[in-house]
Amino acid sequence: MDKKILFLVFSIKAKDELIDRVLDMAKMLGAKIIALNVIDFEVMRHLAMKLGKREAEVSVDLEEEGWMYLYYLEEKAKDKGIMINIIQEEGVLGRELIKTASKFGVDLVIISREEQKGIANFSKFVESLLLRIDSPVLII
């Protein structure tokens with residue numbers, strides 16, 4: 001059975017060194033990567049208010065940025081010979097992550113420590129994940 005790593009990807013620019021760490025880990029474990037980007041409703045509303053734009057406009061911007069990042073990650077993975085699925089969902093971050101982890105039966109979930117800035121109450125978010133998914137969560 002193939003190992004699967006769910007890598008939570010945010011549409012903000014992650015550092016190449018983070019991507020390389022995740023890809024190197026997948027290569028070492030012989031794992032496939034499931035890269036998930038979630039356009040979170042709460043973030044979308046907050047950005048719309050802050051930028052003075054309609055939520056639909058912000059959603060389109062976040063979607064385009066998310067796909068650009070996912071395609072970039074996909075290209076880097078393929079260059080290293082790592083299988084990858086890229087997925088973008090719109091919804092509530094925790095729910096979409098749990099749903100995707102369950103759907104693919106992942107062996108590990110990886111979240112960047114940098115994402116603490118983008119998730120309100122990061123420690124509660126991680127605690128909730130640990131209670132609701134069967135695989136370990138690695139914060140790097």
Within the accessible area of the range 25-140, what % is carbon and sulfur when the probe is 1.4 Å and the other protein chains stay in place? 54
Average projection area in nm² (convex hull over Cα atoms of the range 62-132, one quarter of hull surface): 5.5
Quick check for me: using +1 on Lys/Arg Cβ and -1 on Asp/Glu Cβ, what's the dipole size of the range 1-94 about its Cα centre, in debye to the nearest 20? 320
Kirkwood-based Rg over Rh for the chain (C-alpha set), two decimals? 0.96
Suppose all protein chains stay in the model; what accessible area per residue would a 1.4 Å probe give for the range 37-140, in Å²? 60
Within the set LYS80/LYS124; LYS50/LYS103; LYS4/LYS80; LYS3/LYS99; LYS27/LYS78, which residue pairs have Cα atoms separated by over 23 Å? LYS80/LYS124; LYS50/LYS103
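The values are calculated or read from the model by the stated rules, or taken from the named source; none is laboratory data. In this text, all values refer to a predicted model and were calculated from it rather than measured experimentally. Counting neighbours? That spans all protein chains shown, and the Cβs are built from the backbone with ideal geometry, glycine included. Calculation scope for accessible area: heavy atoms of the full protein, side chains included, ligands and nucleic acids excluded. Shrake-Rupley method; radii C 1.70, N 1.55, O 1.52, S 1.80 Å.
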